[in-house]
Amino acid sequence: MTKHAPLEEPLLKDSDSKKAGGNEILTGYLNAGFFSILTFSWMTPLITLGSKKTLNHQDLPLLSANDTAYGSFSTFTKNLELECGNVRTVTTIKLAKVLFLSTWKGILISGIFAFLYVCASYVGPYLIDNLVQYLNDENKVKYDGYVLATAFIMAKLVEFLSQRHLMFKFRQVGVRMQSMLVSMIYAKGLTLSCQSKEGRSSGEIINLMTVDAQRVGEFCWYLHDPWMSVLQISLALFILHRNVGVASVASFAATVIVMLLNLPMASLQEKFQAKLMEFKDKRMKATSEVLMNMRILKLQAWEMKFLAKIIQLRKLEEMWLKKFLVVTAIVRFLFFSAPTFVAVVTFGACVLLGIPLETGKILSALATFRILQLPIYNIPDTISAIAQTKVSLDRVVAFLRLDDLQTDVVEKVPRGSSDIAIEIVDGNFSWDLSSVNATLKNINLRVFHSTRVAVCGTVGSGKSSLVSCIIGEIPKISGTLKVCGTKAYVAQSPWIQSGKIQENILFGREMDREKYEKVLEACSMKKDLEVLPFGDQTIIGEKGINLSGGQKQRVQIARALYQDADIYLLDDPFSAVDAHTGSHLFKECLLGLLKTKTVIYITHQVEFLSDADLILVIKEGRITQSGKYNDILTSGTDFMELVGAHRAAFSSVKSLERGPTLKSSSITGEDTSSLSDFELEQEVENINDRNSMLEETIVPKGQLVQDEDREKGSVGFKVFWKYTTIAYGGALVPLLFLSHILTVVLQIASNYWMALATPVSATAEPGIGIFTLMVVYVSLAIGISFSTLVRAFLAVIAGYKTATMLFNQMHLSFFRAPMSFFDSTPSGRILNRASADQSTVDMNISNLVWEFTYNLVQLVGNIAVMSQAAWQVFVVLIPVVAACIWYQVPTPSHIKRQSRFYTLSKKIIECTNSYDKIGFIY
């Protein structure tokens with residue numbers, strides 16, 4: 001199985017790394033007793049702290065080892081290796097099995113709580129008839145009433161405790177699953193082969209981590225639904241048979257019909273979900289590419305053109321989103337209409353069969369129908385969730401099965417066991433294995449320890465490919481490649497991580513002040529740090545925007561030097577710096593700190609070749625000449641042509657720039673009469689570089705990249721009001737509230753009518769005829785169904801319109817933002833808004849907002865009914881509501897950390913060619 005790098009070390013350590021992981025106190029859940037776990041009192045210290053201040057990430061206790069990303073990922077990889085052997089042989093079923101095996105204990109415990117919850121929830125409907133008979137019994141005994149009241153209270157206590165623990169376990173298992181998949185996708189992204197990277201953008205991979213992994217984690221909520229639904233339906237039919245006898249068969253038939261109606265809806269949801277994710281991937285790929293090249297778009301004034309392209313992709317996505325939401329509305333209509341439909345069929349069957357209807361049995365049946373609503377909805381909804389999860393797992397599996405870098409390209413020789421650092425024998429390498437022509441052909445090379453090797457050649461001759469093959473990036477066709485010792489690599493294009501300069505140099509290593517100062521001096525960074533507003537604590541912006549090209553290159557070289565590797569591979573490290581700085585780097589780094597190291601450096605500067613122990617001349621993927629400077633200068637034509645071309649180019653540039661050079665020198669007031677032409681050229685370039693550096697690095701006081709702002713406390717009413725009124729200026733809000741009120745009023749009226757119109761006992765005479773009873777009840781049921789349908793579609797229309805407007809406004813805002821916004825805002829933060837947050841707005845927020853308003857209206861209706869029946873309930877209700885409001889604690893925002901994580905992930909995935917080597921010790 002492919003071995004992935006361990007995840008225990010952070011890529012960049014925060015200055016307060018201890019705080020970054022939380023405080024030093026372990027979670028109280030780890031050592032909590034039975035009563036503490038039962039009542040969640042182990043959360044009391046955190047809740048107490050939250051009542052005094054707004055909680056931050058630093059206030060959270062440390063997780064137990066099994067709940068950390070590293071702990072869960074280790075368990076997952078072990079199980080995956082046992083099940084599949086190699087990650088490339090994984091299938092959807094095997095991946096699901098591995099996820100189950102990695103979390104089976106939590107799933108089993110949650111199953112026990114689910115069983116207790118289901119059984120306890122049916123105690124109330126079962127005893128309602130007994131309670132009604134007791135209240136209407138003239139010879140009632142108080143002891144029986146106390147027993148019934150105690151049974152109701154204990155059943156409700158068991159129900160809500162088991163439900164709370166069930167939800168807690170679901171969340172715990174779901175987070176573990178999501179963490180496992182995100183870690184696996186991230187680790188896989190670092191080992192993808194070149195061909196695999198061509199077909200996967202960073203936006204698509206971020207989509208896998210933000211949307212698909214989250215959906216798999218959320219599937220835990222549906223994990224026990226199949227057997228729970230069977231148990232719930234069985235208990236419901238048992239209670240109904242006790243109350244209405246043979247008519248319970250009609251109840252069962254109606255239940256099956258409603259479930260069957262949901263099945264085609266679940267199939268359509270699966271189809272639309274797959275299409276929706278397909279077009280979302282295309283949009284995210286385009287968004288990622290736009291963010292990467294925003295500076296070019298701004299300079300060319302193309303941003304509105306590319307915004308139109310993204311809007312067009314979004315419209316294709318919206319086409320499937322609209323279909324998905326319509327099907328969701330139909331499913332919700334069936335969900336809320338199911339109890340009414342089953343009740344009408346059951347009571348109608350009772351009338352036709354002549355089964356007497358009594359108040360107690362009616363209330364018991366209605367309560368049972370209300371609970372039966374859950375399995376009726378859950379089975380099709382679970383089927384839909386399984387379909388959506390399968391789509392996400394299929395996408396994750398397709399990514400995991402992509403080709404990795406060959407693990408046998410480089411044969412690692414133990415350190416100190418050989419005098420040879422690098423040895424290539426008859427090596428043939430190719431970026432594209434399907435190509436007839438190899439990139440590197442017949443390479444034979446032997447480099448001893450502490451040797452400096454210079455590589456030169458024309459553009460496109462294969463110099464960078466030679467270095468890439470040594471670090472194992474290019475697939476090997478034939479031959480052997482042996483490397484003895486650790487390697488550090490400096491890419492031709494600087495790769496800078498968003499973070500402090502010090503963090504970029506240390507790159508996860510511990511601070512050694514003496515060594516650190518030597519590296520800064522060798523890389524000529526002391527003066528740069530003096531100019532920067534916060535020295536080496538200055539935060540580097542997106543793609544190193546607040547550093548010049550030369551500064552970024554020197555930070556990259558400093559990072560490699562600090563790693564203290566055995567072998568250094570430098571791909572044209574002096575191309576981004578001026579001649580004077582390049583000479584300093586060559587003298588202090590290659591001839592100074594690296595004098596005892598094995599160094600292979602690519603360069604076009606002829607002046608750096610004479611100090612090499614070995615020079616390699618590459619042409620068309622072959623090493624055509626090798627030897628010392630003076631030897632190969634007279635032994636062949638290829639090297640002579642390179643030297644001659646360099647001298648000719650330098651002479652022409654020098655003659656063209658002599659006038660401006662002398663003018664610039666005179667402005668500086670320096671005496672240039674004693675300088676040679678070459679020295680004068682170097683001095684002027686140095687002055688220009690320093691001036692450019694000053695212009696680019698003098699920034700306003702404060703870091704360029706700021707922490708993401710977040711609101712403290714609970715979400716205010718203004719936010720909800722803004723969301724609900726953004727669609728059609730709020731025209732749908734009164735209609736939605738009216739449909740909510742109408743639905744609740746009709747539900748209360750139908751229940752009240754059945755309780756009022758039926759006799760209390762079998763001996764009592766009914767006050768209303770059977771025909772009138774059923775006509776009124778059916779009419780109310782039709783009204784409930786119609787208002788439910790209107791409510792479902794109005795919520796979908798409002799949610800879809802709001803999501804569309806928010807998407808357009810958000811993208812218009814950041815496309816029209818100045819370039820300074822993109823310089824100071826990590827691209828992961830923007831991608832997180834366009835991917836995970838937009839997905840939440842598309843599918844979830846509308847349902848949550850309007851269900852909240854519906855539940856609020858339903859609560860008011862229930863309170864109104866209870867106040868008419870037993871006003872004493874307010875003695876308990878008011879303190880309970882007050883305690884619930886007080887108990888709520890503003891939860892810590894996780895968006896900042898998520899955005900930083902997705903920023904890191906995006907940059908690393910984009911730069912895996914560099915990340916695998918830059919400053920990383922093999």
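The values are calculated or read from the model by the stated rules, or taken from the named source; none is laboratory data. Remember, it's a predicted structure, so these values are computed and weren't measured experimentally. Don't worry about glycine lacking a Cβ; one is built from the backbone with ideal geometry, like all the others, and counts go over all protein chains shown. In case anyone asks, the SASA skips ligands and DNA or RNA and just uses the protein heavy atoms, side chains included. Shrake-Rupley method; radii C 1.70, N 1.55, O 1.52, S 1.80 Å.
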Q | Solvent-accessible heavy-atom area per residue, rounded to whole Å², over region 581-633 at 1.4 Å | A | 41 Å²
Q: Using label points projected 7 Å from each Cα along Cα→Cβ, tell me how many nm separate R171 and F34, to one decimal.
A: 2.5 nm
Q) For N630 and E607, FRET efficiency with R0 = 22 Å and r from the beta-carbon atoms, rounded to 0.05? A) 0.95
**Q.** Length released on extending from I768 to I477, taking residue separation times 0.36 nm less the Cα-Cα span
**A.** 95.7 nm
Q: Return the carbon/sulfur percentage of the accessible area of region 313-379, one whole number, probe 1.4 Å, all protein chains in place.
A: 75 percent
(Q) How many angstrom lie between the Cα centre of region 812-877 and the Cα centre of region 420-499? (A) 54 Å
Q.
On a 28 Å Cα-Cα criterion, which of the cross-link pairs K487/K515; K282/K322; K188/K801; K552/K587; K94/K275; K285/K463 come out too long?
A. K188/K801; K285/K463
Q: Enter the accessible area of C119 (Å², nearest 10), with the probe set to 1.4 Å and all protein chains included.
A: 50 Å²
Q) Ordered by residue, what ³J(HN,Hα) values in Hz, to whole numbers, does region 45-51 give under the Karplus form 6.51 cos²θ - 1.76 cosθ + 1.60, where θ = phi - 60° and Gly and Pro are x? A) x, 5, 5, 4, 5, x, 6
Q: Using only the Cα atoms of region 245-319, build the gyration tensor, take square roots of its eigenvalues as a ≥ b ≥ c, and label the shape rounded, prolate or oblate: rounded if a/c is under 1.5, else prolate if a/b is larger than b/c, else oblate.
A: prolate
Q. What number comes out for the charge environment of A338, summing +1 per Lys or Arg and -1 per Asp or Glu over other residues with Cβ under 14 Å away?
A. +1
Q. For Q625, which sequence-distant residues (separation of 5 or more, or a different chain) have an amide H within less than 5 Å of its own amide H, given hydrogens modelled in the peptide plane?
A. V617
Q. To the nearest Å, what is the center-to-center distance of region 302-323 and region 233-282, using C-alpha atoms only?
A. 35 Å
Q) Between L82 and V230, how many nm apart are label points set 7 Å from Cα along the C-beta direction? A) 2.7 nm
Q. Let a ≥ b ≥ c be the square roots of the eigenvalues of the Cα gyration tensor of region 570-622; is it rounded (a/c under 1.5), or, if not, prolate (a/b larger than b/c) or oblate?
A. oblate
Q | Kirkwood hydrodynamic radius of region 779-875, from inverse mean 1/r over distinct Cα pairs, in Å | A | 17.0 Å
Q) Using θ = phi - 60° and the Karplus curve 6.51 cos²θ - 1.76 cosθ + 1.60, what whole-Hz ³J(HN,Hα) does each residue of region 85-93 get, with Gly and Pro shown as x? A) x, 10, 4, 6, 9, 5, 10, 4, 5
Q. When the Cα centres of region 555-571 and region 368-391 are compared, how far apart do they sit, in Å?
A. 57 Å
Q: Give me the accessible area per residue for region 393-516, probe 1.4 Å, as a whole number in Å².
A: 42 Å²
**Q.** Convex hull of Cα atoms in region 302-393, direction-averaged projection (nm²)
**A.** 9.2 nm²
Q.
So, for region 234-328, what is the accessible surface per residue at a probe of 1.4 Å, expressed in square angstrom?
A. 47 Å²
Q | Summed residue charge, Cβ within 14 Å of S364's Cβ, Lys/Arg positive, Asp/Glu negative | A | +1
Q: With both partners inside region 480-638, how many of the DSSP beta bridges are antiparallel, as a percent to the nearest 5?
A: 45 percent
**Q.** With all protein chains modelled, accessible area of R164 [1.4 Å, Å²]
**A.** 110 Å²
(Q) Rounded, prolate or oblate, given the Cα gyration tensor of region 93-233, with a/c below 1.5 counting as rounded? (A) prolate
Q) Contour minus end-to-end for I885 and L848, with contour as 0.36 nm per residue of separation and end-to-end as the Cα-Cα distance? A) 11.4 nm
**Q.** In sequence order, calculated HN-Hα J values of region 465-471 (Karplus, 6.51, -1.76, 1.60; Hz; x Gly/Pro)
**A.** 5, 4, 5, 5, 5, 5, 8
Q.
Ignoring ligands, DNA and RNA, please state the percent of accessible area on region 517-614 from carbon and sulfur, probe 1.4 Å.
A. 51 percent
**Q.** Cα-projected label distance for T54 with T840, points at 7 Å along beta-carbon direction, nm
**A.** 1.6 nm
(Q) Considering the Cα positions of region 530-604, please state its Rg to one decimal place and its Dmax as a whole number of Å. (A) 13.2, 36
Q: Compute the length gained on full extension between T44 and N293: take 0.36 nm times their separation in residues and subtract their Cα-Cα distance, giving the result in nm to one decimal.
A: 84.7 nm
